[in-house]
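One structure is given below, encoded as C-alpha cells.
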Amino acid sequence: MAVMKWINRVTSVLLTILFLTTLALSISSKLSGGAPKMFGYEMMNVLSGSMEPSIHTGSVIFIKAVEPAVPLAVGDVITFKSDDPNIIITHRITEVQKQGETVSYMTKGDANDTQDPSPVPIANVIGKYAGVTIPFLGHILTFIKSKAGIVTFMIIPGALLILWQMISIWRYISKMENRPVNQPVAEEVQS
C-alpha cells in the first residue's frame, strides 16, 4: 500500500506541475502579447540555423531586455525586430556604429557567410541573449501553441488530474464504508 500511495502522490504532483506550467506559459504569452516571460527573461524560440553551432534550431533561448543607455558591444548576441516588424532575429553584433547620439549595430548569424544587409537601430533591439539555451524546448512550445498542443498539454493533464483526484476520493470513501463501525461501549452506572 505504501508504494501505491507514493505512486499516487507522484502522479498527482507531475500532472499538477505539467498543467500549471503550461497554463503559466500560456497566460504569460497572452498577457505580454508575444513570447512568454520567466523571472524577468523573455523566452524565444529559435526557428532557423543562422546561429548554429552556438544556438541550435528548435532551442529556446532566454533574453534580457536592455536599457537604451546600456551599451552593447561587438560579440554580444542580440534579439531584434527586422525591417519587417513581424520578423524577430537573433544574431551576433559584428560592429557598433555611432553617429552623434545615434547608435546602431551591424549583425551576422554565426552560420551565415555575410553580414546582415542593414544596421539595427537601438530602438529595434528587444534584448540581449542571457547565455541560457534549452535544446528542443522550442519544438515543444511551438506544438503547445497549436490546437493539438493545447489539448495535449492543458486539457488532457487537467482532465487526468481531475479524474485521478476523483478516483482517490472514491477509494477513500470505499475504505470508509467498508470499515467496521465502532459502537460506543455502554458505561455501567454505579448507584
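FYI, it's all coordinate maths here, none of it is from the lab. Being a predicted model, the structure only gives us computed values, none of them experimental. Please note: Cβ atoms are built from the backbone with ideal geometry, for glycine as well, and neighbour counts cover all protein chains shown.
Exposure proxy for 91, 139: other Cβ atoms within 10 Å of each Cβ, ordered fewest to most, give 139, 91.
On the principal axes of its alpha carbon atoms, the range 34-135 extends 40, 33, 24 Å, with the longest extent given first.
Dipole size of the range 34-135 about its Cα centre, with +1 on Lys/Arg Cβ and -1 on Asp/Glu Cβ: approximately 260 debye, rounded to the nearest 20.
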